[in-house]
Every structure is written in structure tokens, then in C-alpha cells.
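The values are calculated or read from the model by the stated rules, or taken from the named source; none is laboratory data. It should be emphasised that the depicted structure is a prediction, and the values quoted were computed from it without experimental measurement. Methodologically, a virtual Cβ is constructed for each residue, glycine included, from the backbone with ideal geometry; neighbour enumeration extends over all protein chains shown.
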Amino acid sequence: MSFNTIGDVQDSLDNAFGWRRFEMQALISAMKSAEKQSPNSPLARALARSCAALIYAHWEGFVREACQCYVEYVAKRRLRYDELNDGLLRTALLTLSKRLTIGDEASQVALFEVVRRPEFARARIPKNAMVDTKSNLRYAVLCEILQSVGMSIDAFELKDKLIDRSLCDVRNTIAHGRELFPTPNEISVLHSEVVAMMQSIRDMIMAAARGQLYRTNVNVTPST
């Protein structure tokens, strides 16, 4: 999909959020039904374990898809280096530096342009390499992704233990076939927390796109 307009971004985010939320809710409903019919049955426990793994999968998948959508939208703006916010500028310059170290001649030309003709130097956003969840979307990885595009991590600063322990560690334990059986109540709480975090990601990206917060020195009150 081409992300040329804010409408394109919103449609992509809403679609990604909608089907993931529906699928999580469907499996949780099945878990609750099995638990009600036969508490602590093998089926109820298996469904709870499945819920934990699926919730993590949708958390990581949505963050990756949503942030990638935003990066591609920003890349379409074809901004100059001096127009980028600090996070995007740092990412673009670090990418340029890495290309220089491996002898990329095109990067030398790009650097000369940045120095000598900054009013014409278009930033090269590394859109295919910026959003890397490292197959374990821990709190530090989330912070790295958000900071690379110049977004605040304030909304998640109290979510480190939830993300690392309740999401990543539990998912890894279950995925590796170890014995761990979350309770239906634990799953319900986790689901609510993750849906709220996904909504925060969605709202942050829409506010950044609408308010052009990818640009430097833009002070716009975020809105949904």
C-alpha cells in the first residue's frame, strides 16, 4: 500500500488494529467459555496459553506495521535534513555514516550535498531498516523504535515490566513449550493493557502525521 495521504495512514492503522483486536477477543471469549464449562480443564488451560501467545504476537505485529506505515509516510514527504525532527535526523545521519564506513560512494555525494547545499539535500529515510522489533519487542526495543522517529516514550514509561515480563517472558516461555498456565483473569487484564497500548501507538502516529511532528520545531498539541 502507498501511504501518500493522512487518510491512507489512518485506513492502514484502523484496519491493522481492527482485525487484531477482533481476533484476540474471539480467542479470549472461547477461553472464558471453556473455563466456565470446566474450570482448569486441559482445554481452558490450552486456550489461556494460546491467548498469551496471540496477544504478544498482535502487540509486536501491530507496532511493527503501524510504525512502518508512519516511516513510509514520512519518507514520501521528501524532506530536507534540516527539516527533520531530532529523532529522524539522528537516524538519517547515522545511516549515512554507516554507508560511508563501508565505502558507499553515493553516500559521499550525499554527505557533500548536506554540507555544501543543505537547502537542497533531501534526507534519505532508511524506511526498510528503521522498524526492527528484533523478534522480541521488549521495552528497550520499543523505546529505540519510537525515538528513531522522534516520538515520545512517555506513554510507556510505566509499562516496562508489563512489556518485558507479562508479554515477552510469558510468550517466550509458552512458545518454548515450558509449563506455564496463566489464569483467565491474568489474560483478561493483559488483553486490556495491550489493547490500550496499541491504541496509544495508533493515536501517537495519527497525531504526528496530522501535526507534521516529523518536522523540526513544530509545536502542535497531539490529538486523536
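Some values worked out for this structure:
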| read-out | value |
| --- | --- |
| Residues satisfying the stated conditions in the range 175-210, i.e. assigned to a loop (DSSP other than H, G, I, E, B) and either touching a strand residue (DSSP E or B) at 6+ places or on another chain (Cβ under 6 Å) or of a type in the set (Val, Ile, Thr) (or both) | Thr183 |
| Residue within the range 165-174 that is part of a helix (DSSP H, G or I), under 25 Å from Leu13 (Cβ atoms) and over 15 Å from the mean Cα position of the chain (by Cα) present | yes |
| Criterion: surrounded by fewer than 21 Cβ atoms within 10 Å (Cβ to Cβ), at pLDDT 95 or above and of a type in the set (A, V, I, L, M) - qualifying residue of Ala46, Ala52 | Ala46 |
| Matching residues, the range 3-22, being assigned to a loop (DSSP other than H, G, I, E, B) and either within 14 Å of the chain's Cα centre (by Cα) or touching a residue at least 40 places away in the same chain (Cβ under 8 Å) (or both) | Phe3, Asn4 |
| Test: residue in the range 146-161 that is out of contact with any Gly (no Cβ under 9 Å at 6 or more places or on another chain) and crowded, with 20+ Cβ neighbours inside 10 Å | no |
| Qualifying residues in the range 78-89 (those that are out of contact with any strand residue (DSSP E or B) (no Cβ under 9 Å at 6 or more places or on another chain) and surrounded by fewer than 15 Cβ atoms within 10 Å (Cβ to Cβ)) - the one modelled with the highest pLDDT | Asp86 |
| Selected residue [modelled with pLDDT under 95 and closer than 23 Å to Tyr70 by Cα] from Ala175, Ala155 | Ala155 |
| Selected residue (only one of Ala129, Ala110, Ala75 is buried (at least 18 other Cβ atoms within 10 Å of the Cβ), in contact (Cβ under 8 Å) with a residue 24 or more places away in the chain and of a type in the set (Gly, Ala, Ser)) | Ala75 |
